[in-house]
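Engineer: Before I ask anything, here is the structure I am working with.
Only the coordinates and a few stated rules stand behind these numbers; no lab work does. Remember, predicted model here, so these are calculated numbers, not experimental data. Note that we place each Cβ from the backbone using ideal geometry, even for glycine, and neighbour counts take in every protein chain shown.
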Amino acid sequence: MNHEHGMRYVRVVVDRAIHRELDYSVPEALAGRVGVGSRVRVPFREKSALATVVAMTDQSEAKGIRPIEAIIGEAPILNEHLLELARWIATYYCCPIETVMRSVLPQVIRHAKIGWKKQLFVQPARNIGGAECEKLRRLAPRQAELLETISKLEKPILATELLRQTSLNNQTLRALVKRGLAELCEEAVVRDPHGDEQFIATSNLVLNGEQTRALAEITQALDSPDEARPILIHGVTGSGKTEVYLQAIRAAIDHRRTAIVLVPEISLTPQTVERFKGRFAETQDAVAVLHSRLSEGERHDEWHKIHSGRAQIVIGARSAVFAPVKALGLIVVDEEHETTYKQEEAPRYHARDVAIVRAKVEKCVVVLGSATPSLESYHNAGVGKYRLVNLTQRVDQKQMPLMRVVDLRQERRKGKKAAILSEKLSQAIAYRLEKHEQTILFLNRRGFSTSLLCSNCGETRNCPNCSVALTFHQHFSQGGLDRHVDPMFGRLSCHLCGHTAAVPKKCPACGQDALIYYGFGTEKVESTVAQIFPKAVIRRMDADSMTRKDAYRETLRSFRTGKIDILVGTQMIAKGLHFPNVTLVGIINADLALHLPDFRAGERTFQLLTQVAGRAGRGETPGEVFVQTYTPFSPSIQFARHHDFVGYFQQELEFRERCDFPPFKHAILITVRSAHEGRAKFSGETLKRRLKEALPEEFTLGDATPAPLEKLQGQFRFHILIRGEAIMRLSRLVRETLDNLPFPEDVAATIDVDPYQLL
Ligand code: ADP
Ligand code: ZN
């Protein structure tokens, strides 16, 4: 930072959603301590605000420049690379750089209000004379006793520990300090979320042929990162991708480089963390973990562990892509197809795509891995932008599970109403129970019944704030507490806004006693299975049943140790869990995702079926998967059934090309919303007209239409979808158009670049 000593001005991004960067002067007293990436407090309008320094200059064109007030925290917290990345995100994803900063820097770091946890240590003050002790012994025998212990100390001791050992109290200690006979000092201690766990050191496994080739690709790239292309590992579940990542990280460390591993939040289980911490257990603190369940204090400590260079490996969910490591050598994005990598609030970035850009900025290697790569990534491999590596075999040489498709239409013809368990699936479960093997039943919908319908007038109970039906829950939890509601009554709840309502006895619309429960969710599956198999131990795992803090861990533990026969759940159980004794997986309704108004619906269904199937038959016994569906011949189901990713990819790619969807064209989705329906519509239409004037022919501009989810949390919503190839240019034009179009106060617009949520 020496060269910046003479700089008289700083350019900052204030922590307010404005689109401009502002200049301030640096007072003499602070000169030399500010640099790019420093956090500062500046006068802003009539008040002060926090800000991040993004540049230092010798001159400024701005008028009425005011001085910065103070420096926040100790060292600069943002380096040039991350700043460049933040700027790219702001441009690409069409949002103010300040908003991007909120994701790049955790709040606890930006505000610097929480520091290290300090603890008090005690040490003797000086050589204490015998006479003094004698006097103290008469005056205050307890202080004398404590003093004796302290004077024997070889090194400072934790105050709480000393008091515990001597059974004396704080008052006695304070009195000694006051007499000048003992000293207190503060020292920082690290809040380590995994501090109380022991990690057993593991060593590299001997790789098989395919793994060896995959690792060789990566080490080769590590040797010459300047020319390296991103590497996509397409490896079936259980093909040993994680082992390859572990050895690749080791190689990066050997190159004196650091590594970031991104995993979906849901896969960031204690099991996963243990695998990484265990492999690098020889260096204490080598692995930092970042996820949303950390306390603010823990987040502060993990972040500084990374920033100071003590941790060389970071494993974390989406936002770990911004981990402030230096000398970055490798970024791994596991399960790269996962849509949870997309942040659904501004900045609406996709962590995989940000990882690719960060790798370019910092000249490091990036590895994407998945059993079901996204169309985008696999296409990029196809056209040569990425290098493709295939892992086709499971490490244990086990066969892929047998996939059986059950046609629910035929079940229906047999005279049953909406079947939850087909006869075939029922029989298969019975067989597993007999053999003491385990079953997973999967349904991606919570609650008991999807809706409450009046059989007289046809009205459903809808959410007053959103355009969806309320879901009926037998069990109901709120505020983290499991409230057991009388199953005779239960409660209605909206899965979008959280609105809840009592179950009416009669239809509020027509007054008739004709209400029926319609559709079903995981609760109903659980109770139906319990009726058919009264002796089986059944547990449900979804967002409703897992509100208690340790419920998730506990349930998984009992399942692993065989205390549960059948586990019913939502996507929570679809990912990355290893259970050797599970030989049967039932997918209750494979059509749920297929019929969403979303061009990725087929892709998601294919991915989900393949991932869920990967849960079956990891042990000695081969697995079996039953897929229940009303559309047995849809491509996503048929290709998943034959474990044919490439076949699926080719036909889906054709469809995307015909319709101008990604990966052929980029999309931008603008949502205009307001509590007032007419104003939302009018503003949407005005915006569409302005865009038509602003955008060149090459971009395809759709009309302002009501969103599939017309009303959400009391707001009426209109969509405008734009497609085109030159995404940076499109983003800029959209931003400019919106900036020049003042909406009424109660209308707001959001811009989503490369959207994943089309509702
Ligand atoms: P994936 O990440 O592709 O699902 P994992 O890396 O988790 O696969 O590997 C699946 C299992 O096989 C793990 O228990 C892992 O320890 C084991 N494994 C991976 N590679 C090897 C190997 N080369 N030799 C023996 N076991 C391996
Ligand atoms: Zn609602």
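Engineer: Which of the listed residues, LEU492, ALA371, LEU388, is farthest toward the dipole's positive end in the chain, when Lys, Arg count +1 and Asp, Glu count -1 at the beta-carbon?
Structural biologist: Of the options given, the answer is LEU492.
Engineer: Right, another one. Taking loop as defined by DSSP and a crowding limit of 12 other beta carbons within 10 Å, which trypsin sites (Lys or Arg not before Pro) in the range 136-179 fit?
Structural biologist: Working: sites: ARG137, ARG138, ARG142, LYS152, ARG164, ARG174, LYS178, ARG179; in loops: LYS152, ARG179.
Counting only loop positions with at most 12 other Cβ atoms within 10 Å, the trypsin sites (Lys or Arg not before Pro) in the range 136-179 are LYS152.
Engineer: Next question, about the same structure. Determine the dipole magnitude for the range 605-759: charges of +1 sit on the beta-carbon of Lys and Arg, -1 on that of Asp and Glu, nothing else is charged, the reference point is the Cα centre, and the result goes in debye to the nearest 20.
Structural biologist: It works out to roughly 240 debye.
Engineer: Can you tell me the orientation of helix 601-613 relative to the chain, as the angle in degrees between its alpha-carbon axis and the longest Cα principal axis, to the nearest 10?
Structural biologist: 70
Engineer: Can you tell me how the range 513-570 classifies by the Cα gyration tensor, rounded, prolate or oblate, using a/c under 1.5 as the rounded cut?
Structural biologist: oblate
Engineer: Hey, another quick one. Can you give me the Kirkwood hydrodynamic radius for the chain, using every pair of distinct Cα atoms, in Å to one decimal?
Structural biologist: Taking every pair of different Cα atoms in the chain, averaging 1/r and inverting gives 29.7 Å.
Engineer: For each of VAL177, VAL582, count neighbouring Cβ atoms within 10 Å of the residue's Cβ, then give the residues from fewest to most.
Structural biologist: VAL177, VAL582
Engineer: Tell me, what HN-Hα J-couplings in whole Hz come from the Karplus equation 6.51 cos²θ - 1.76 cosθ + 1.60 at θ = phi - 60° for each residue of the range 60-65, using x for Gly and Pro?
Structural biologist: With coefficients 6.51, -1.76 and 1.60, one gets 9, 7, 5, 9, x, 5 Hz.
Engineer: Related question: Cα centroid distance between the range 257-330 and the range 455-471, in Å?
Structural biologist: Result: 45 Å between the Cα centres.
Engineer: Of all the C-alpha pairs in the range 657-759, what % are more than 24 Å from each other?
Structural biologist: 18
Engineer: Using only alpha-carbon positions, what ratio does the radius of gyration of the range 563-703 give when scaled by 2.2 N^0.38 Å? Write down the numbers at each step before the final one.
Structural biologist: On the way: Rg = 20.9 Å, N = 141, 2.2 N^0.38 = 14.4 Å.
Cα Rg divided by the expected 2.2 N^0.38 Å: 1.45.
Engineer: On to the next question. Treating the range 1-120 as a set of equal point scatterers at the Cα positions, no solvent, please give the Debye-formula log₁₀ I(q)/I(0) at q = 0.12 Å⁻¹.
Structural biologist: Values returned for q = 0.12 Å⁻¹ are -0.42.
Engineer: If you take every DSSP beta bridge fully contained in the chain, what fraction is antiparallel? Give it as a percent rounded to 5.
Structural biologist: The antiparallel proportion sits near 55 percent.
Engineer: Rounded, prolate or oblate for the range 3-60? Axes are the square roots of the Cα gyration tensor eigenvalues, ordered a ≥ b ≥ c, and the cut-off for rounded is a/c under 1.5.
Structural biologist: Prolate, because a/c is 1.5 or more and a/b exceeds b/c.
Engineer: So what's the net charge close to TRP88: Lys and Arg +1, Asp and Glu -1, counting the other residues with Cβ under 12 Å from its Cβ?
Structural biologist: Net local charge, TRP88 excluded: +1.
Engineer: If you place +1 on the Cβ of every Lys and Arg, -1 on the Cβ of every Asp and Glu, and leave all else neutral, what size is the dipole of the chain about its Cα centre, to the nearest 20 Debye?
Structural biologist: 1440
Engineer: Between the range 218-253 and the range 677-745, how far is it from one alpha carbon centroid to the other, in angstrom?
Structural biologist: 41
Engineer: Shifting gears a bit: Suppose every K and R has +1 on its Cβ and every D and E has -1 on its Cβ; what is the size of the dipole of the range 241-331 about the Cα centre, in Debye to the nearest 20?
Structural biologist: Numbers: 13 positive and 10 negative charges, 55 e Å.
It comes to approximately 260 debye.
Engineer: What area, in nm² and to one decimal, does the C-alpha convex hull of the range 137-293 cast on average over all directions?
Structural biologist: 14.5
Engineer: Based on the alpha-carbon gyration tensor of the range 623-717 and its eigenvalue square roots a ≥ b ≥ c, which shape applies: rounded if a/c is under 1.5, prolate if not and a/b is larger than b/c, or oblate?
Structural biologist: Cα axes put the range 623-717 in the oblate bin.
Engineer: Considering only DSSP states other than H, G, I, E and B, which trypsin sites (Lys or Arg not before Pro) in the range 264-371 qualify as loop sites with at most 12 other Cβ atoms within 10 Å?
Structural biologist: Hits after loop and neighbour filter: ARG293.
Engineer: On to the next question. Please give me, ordered by residue number, the GluC sites (Glu not before Pro) of the range 239-290 that lie in loop per DSSP and have at most 12 other Cβ atoms within 10 Å.
Structural biologist: Taking the range 239-290 and a limit of 12 other Cβ atoms within 10 Å, the loop GluC sites (Glu not before Pro) found are GLU282.
Engineer: Could you name the lysines whose alpha carbon sits less than 23 Å from that of LYS113, not counting residues in the same chain fewer than 8 places away?
Structural biologist: List returned: LYS47, LYS305.
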